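The values are calculated or read from the model by the stated rules, or taken from the named source; none is laboratory data. All of these numbers come straight from a predicted model, not from anything done at the bench. Cβ atoms come from the backbone with ideal geometry, glycine included; neighbour counts cover every protein chain shown. The protein model used for the area step is the full one, side chains on, heavy atoms only, and it has no ligands, DNA or RNA in it. Shrake-Rupley method; radii C 1.70, N 1.55, O 1.52, S 1.80 Å.
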Amino acid sequence: MTQTHTYDVVIVGGGGAGLMAALYASRNAKTAVVSKLYPIRSHTGAAQGGIGAALGNLEEDHWEWHAYDTVKGSDYLGDQDAIEFMCEQAVEAVYDLEHYGLPFSRTPEGRIAQRPFGGHTNNETNKPVRRSCYAADRTGHMILQTLFQQCIKNETKFYNEFHVMDVIIQDGVTAGVVALELSTGELHIFRAKAVIFATGGHGRAWQITSNAYAYTGDGEAVVLRRGVPLEDMEFFQFHPTGILKLGILITEAVRGEGGILINGKGERFMERYAPNIKDLASRDVISRAVYLEIKDGNGINGKNYVHLDIRPEMVNKYAALDGRTRLDGSPYSITAEEIHAKIPDISDFCRTYLGVDPAKDPMPVQPTAHYAMGGIPTDKFGRVLTNSQGAILPGLYAAGETACVSVHGANRLGTNSLVDLIVFGKHAGLNAAEYAQGSDLQSLPDDVEGFTRQQIDTLRNGSGKEKAAQLGDEMRNVMSDNVGVFRTEEGLSTAVEKLKELRARYTDVRIRPSAPGFNMELLNTWELGNLLDLALVTAQSALVRKESRGAHAREDFPKRDDPNWMKHTLAWLEKDAVRLDYKPVTVTRFEPKERKY
Ligand SMILES: Cc1cc2nc3c(=O)[nH]c(=O)nc-3n(C[C@H](O)[C@H](O)[C@H](O)COP(=O)(O)OP(=O)(O)OC[C@H]3O[C@@H](n4cnc5c(N)ncnc54)[C@H](O)[C@@H]3O)c2cc1C
């Protein structure tokens, strides 16, 4: 029996963006959050490093500097009006979190503590600036706990462990979503005047990734199937410091606290690639450097990894060479106790997964698939855009990693995702509620859950010739080999062909008969279908973009090409073919320049 629920605003996803949207939407509209995970298990909880905002608590800083760093970090593909909005609003959003009770780490005077992070600089000296606000190395965890408590206090309605599988669009207007309840296997219709997708990223398309198992791009895949394009999907960030083979993230905060990258020859190789800010250059720059060192045989023992070293003797040696000082002008240094206090979770990860103590041993690291700059196109109010002229799909919103506003352009700076969630989550919530107040419920189409049933039936009735696990392995390998840190025409063409083949073979997958409740095989297989769609869109968008910009590095087109390519990609998936279109980048005050770190 399909149950129907009716709300003004339905938010899909209970991570940072979803909870922030819920908090603000529920002030003015009857709101529900529908989430496949229990909210505090969302990937936001894994964010370690911090949230960037120009509070200027420890040294001079301005939101305009933050905006410039973000534009530069984006390799001039970010929309500058949205970036200015985000960086200005970030300050207020961090104080909002403080007032909601987030236990930030503090300075001795009791202000919110801030630390340096990759790509964040004093625009006058070009030196790293302390801009990242943090709660030890558990910032995201604290954000989720804080926002979830606030939502409970506001009596927001939660539907946890409900998987949204379709969005209902009737006569070009949003009418709700269809979800499968994990515990019963039954479908539920959520009627709503406005729907906000806040479903996170899709890094599970790659073999080595820092992303949670749930990062299967459901929101993007669902709207893509309903004719909404995806923006800038070729830009996927590889974080330079994932734990060897496992991909688990070692936060950039380790380098913020003085950690350095060392190759097999014992060299601090970032001196060669980013002479100015070295180990605190932006992630795309460092990932490429690590890749090139490994390719040149300079990995540790010639293998495919380098060392991240935060042992006090190394940090103190290089801090002295760099002339790094504390705020009072005394030489910078760190002790083993300080390492364990400032990055407690990282210390634990290293002990558990590597058997090493970061205060005594270097950490073996390699680049790991980390963050989707691309996603569902929105404006800064969270409204979903459906073409290059900026047409709006009434009632449909997106926020967080699943959305592309675009504030991160071709490469996101560390700490800017949490800012994005808080600022655009809030504004999507406010705007969706306002829209809902001024509109009526849309009527439902006849067979409202028909498309969802059809997707499930296809998985139940496939020939069974193919195994989902095998297809998943092949997809992750082809993405890692060909759509990784460096790309070529040949590799990308191979990927496109292979992904088309995998999508065809996917129709021959059959899940085993089982009781309807807790059918994870059904859901995981459906999620694989989402990843396959997004992987194809990513590879095709990357194949056509013949330049190198931010995280998209083409060996065959090594230069950024502003005259031809300073534009956003929009991609539609029409049966097996990806159709592409482009739209201009908004430039307000920062004319494109060559990026130097
Ligand atoms: C290890 C790691 C460390 C990071 N560290 C930082 C950092 O220090 N600073 C920073 O700025 N950024 C960091 N990032 C990036 C940042 O944490 C994420 O981009 C951000 O938290 C994503 O938030 P979100 O709200 O968009 O998604 P999430 O927090 O992942 O929430 C997604 C929600 O969508 C729900 N959902 C998904 N699919 C469905 C579906 N089909 N039906 C119903 N619900 C669904 C899930 O249940 C979940 O509640 C890090 C990322 C990782 C992986």
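Determine how many Å³ per residue the convex hull of the Cα atoms of segment 1-132 encloses. The partial results should precede the final answer.
On the way: hull volume 19.3 nm³, N = 132.
Value for segment 1-132: 146 Å³ per residue.
From the residues Y100, W63, G78, which one has its Cα farthest along the dipole of segment 24-136 in the positive direction, the dipole being from +1 and -1 charges on Cβ of Lys/Arg and Asp/Glu about the Cα centre?
Toward the positive end, the furthest listed residue is Y100.
Arranged from highest to lowest average of other beta-carbon atoms within 10 Å per residue, in what order do the peptides 587-597, 370-380 appear?
Numbers: 587-597: 13.2, 370-380: 26.2.
Taking the mean over residues of other Cβ atoms within 10 Å, the ranking is 370-380, 587-597.
So for each of 263-271, 143-151, 460-468, 394-402 I average, over its residues, the number of other beta carbons within 10 Å; can you give me the resulting order with the highest mean first?
394-402, 143-151, 263-271, 460-468
Could you tell me the center-to-center distance, by alpha carbons, between segment 4-64 and segment 210-240 in angstrom?
Here the answer is 18 Å between Cα centres.
With every protein chain present, what is the per residue accessible area of the chain (1.4 Å probe, Å²)?
With all protein chains present, the chain gives 36 Å² per residue.
Can you say what percent of the DSSP beta bridges in the chain, counting only those with both residues inside, are antiparallel? Round to 5.
Working: 49 of 75 bridges.
Around 65 percent of the beta bridges assigned by DSSP in the chain are antiparallel ones.
Taking Cα pairs under 8 Å and at least six residues apart, what relative contact order does the chain come out at, in percent?
The value is 22 percent.
Highest mean first, how do 442-448, 532-538, 288-294 rank when packing is the count of other Cβ atoms within 10 Å averaged over residues?
The most tightly packed comes first, giving 532-538, 288-294, 442-448.
What is the dipole size for the chain, taken about its Cα centre, with +1 at each Lys and Arg Cβ and -1 at each Asp and Glu Cβ, in debye to the nearest 20?
It works out to roughly 720 debye.
³J(HN,Hα) across segment 35-45 via Karplus (A = 6.51, B = -1.76, C = 1.60, θ = phi - 60°), whole Hz, x for Gly/Pro?
In residue order, the calculated couplings are 9, 6, 10, 4, x, 6, 8, 5, 5, 3, x Hz.
Roughly to the nearest percent, how much of the accessible area of the chain is carbon and sulfur, given a 1.4 Å probe?
48
Between segment 496-559 and segment 163-205, what's the alpha-carbon centroid distance in Å?
20
Of the cross-linked pairs K426/K593; K157/K342; K127/K360; K72/K546; K36/K583, which ones have a Cα-Cα span greater than 30 Å in the structure shown?
Over 30 Å apart, Cα to Cα: K426/K593; K157/K342; K36/K583.
Counting pairs of Cα atoms in the chain, how many percent are more than 37 Å apart?
So the pairs more than 37 Å apart make up 29 percent of the total in the chain.
Please report, largest first and rounded to whole Å, the three semi-axes of the ellipsoid equivalent to segment 133-188, where each semi-axis is the square root of five times an eigenvalue of the C-alpha gyration tensor.
Equivalent-ellipsoid dimensions as semi-axes: 31, 15, 12 Å.
Can you give me the long-range amide H partners of A551? Hydrogens built in the peptide plane at 1.01 Å from N, cutoff under 5 Å, separation of 5 or more residues or another chain.
Placed amide hydrogens put N411 under 5 Å from A551.
For the chain, what is the calculated [θ] at 222 nm in deg cm²/dmol (nearest 500), taking -39500 (n - 2.57) for each run of four or more DSSP H residues and dividing by its residue count?
-10500 deg cm²/dmol
Going by Cα centres, segment 241-261 and segment 319-333 are how many Å apart?
22
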